[in-house]
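The structure under discussion appears below in the form of structure tokens.
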Amino acid sequence: FTKRITNTPQREQFVTFSPDGNAIVYASERDGKWSIFKTERVRASEEPFFFASTLLNETVLVTDSVDVYSPAFSPDGNYLAYTAGRRTLRVQNMETGATRDLLTPEDVFHMRDGDLSFSWSPDGKWIMVDWQKLLHNSEVLLLAADGSKRINLTQSGYNDSSPKWIGDGDRILWFTNRDGLRSYATSGMSERDVYMMFLTQEA
């Protein structure tokens, strides 16, 4: 049970579902830049499953003068976070179109498309970022979705990466090489362990 959603000569990447499951959202490199697109079923009531749908409709969800990709919806679907210009983390209100930048080019080190990794908290109030401000070090950064607060959760001086929300968002897991064997060269191999952080006293 498979179905091809796109059929273009351009590249499509960074695929996700809308929170209600009624749309597939992705970035595509068209007209010389990345934009974010949405595909929905035309006959959603008669064809409840994408794999068995006969008619699909694609629309542009976000486009800009700079590249935009890596879309991630808030759990309630009211906001969309994405990477803009490769070094900006932007949040857009889907109803009003208003945007705010949580990270700017002064905060982000860029190596390749998609290397700014982030995810929404289950309550939609926070965004957790795999934050690589420098080439040799990364941290786990917690950002208030309204832009009011920024908390560096790790600050170990080592490489802390790939954070995941656990449970109701009161805990996180991530990898760190702070205790493992590692090369003196920042490009060398290292051993990593899994750490957990409890974000509330109750947890």
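The values are calculated or read from the model by the stated rules, or taken from the named source; none is laboratory data. If you're wondering where the values come from, they're calculated on a predicted model, not measured in any experiment. In this analysis, Cβ positions are derived from the backbone assuming ideal geometry, glycine residues included, and neighbour counts consider all displayed protein chains. The protein model used for the area step is the full one, side chains on, heavy atoms only, and it has no ligands, DNA or RNA in it. Shrake-Rupley method; radii C 1.70, N 1.55, O 1.52, S 1.80 Å.
With loop defined by DSSP as not H, G, I, E or B, and exposure as at most 12 other Cβ atoms within 10 Å, which is the longest segment of the chain clear of exposed GluC sites (Glu not before Pro)? The segment 107-190 is the longest one with no such site. When you filter the chymotrypsin sites (Phe, Trp or Tyr not before Pro) in the range 18-63 for DSSP loop state and at most 11 other Cβ atoms inside 10 Å of their Cβ, you are left with PHE49. For the range 47-119, the Kirkwood estimate of hydrodynamic radius, built from reciprocal distances between every pair of different alpha carbons, is 13.8 Å. For the range 190-203, the Karplus equation 6.51 cos²θ - 1.76 cosθ + 1.60, evaluated at θ = phi - 60°, returns couplings of 8, 8, 10, 10, 9, 10, 10, 10, 9, 8, 10, 5, 5, 5 Hz by residue, with Gly and Pro reported as x. Subtracting the Cα-Cα distance of ASP115 and LYS164 from their residue separation scaled by 0.36 nm leaves 16.1 nm. For the range 42-146, which trypsin sites (Lys or Arg not before Pro) pass both filters: DSSP loop (anything but H, G, I, E, B) and at most 16 other C-beta atoms within 10 Å? Those satisfying the criteria are ARG43, ARG87, ARG112, LYS125.
In this structure the amide hydrogen of LEU103, modeled in the peptide plane, comes within under 5 Å of the amide hydrogens of LEU89, none closer than 5 places in sequence on its chain.
In the calculated pair-distance distribution of the chain, the portion above 31 angstrom amounts to 27 percent of the Cα-Cα pairs. Dipole size of the chain about its Cα centre, with +1 on Lys/Arg Cβ and -1 on Asp/Glu Cβ: approximately 400 debye, rounded to the nearest 20. Averaged per residue, the chain has 58 square angstrom of accessible surface, using a 1.4 angstrom probe with ligands and nucleic acids left out.
Among the chymotrypsin sites (Phe, Trp or Tyr not before Pro) within the range 170-203, those in coil by DSSP and having at most 13 neighbouring Cβ atoms inside 10 Å are TYR184. You can think of it this way: the chain between ALA52 and SER190 has 45.1 nm of extra reach, that is 0.36 nm per residue less the Cα-Cα gap. In this structure, ASN152 and GLU202 have a Cβ-Cβ separation that, at R0 = 22 Å, corresponds to a calculated FRET efficiency of about 0.45. The distance between label points at ARG182 and ASN7 comes to 5.0 nm (points 7 Å beyond Cα on the Cα→Cβ vector).
Shape descriptor for the range 1-75: Rg over Rh equals 0.97 (Cα atoms; Rh from the Kirkwood inverse mean 1/r).
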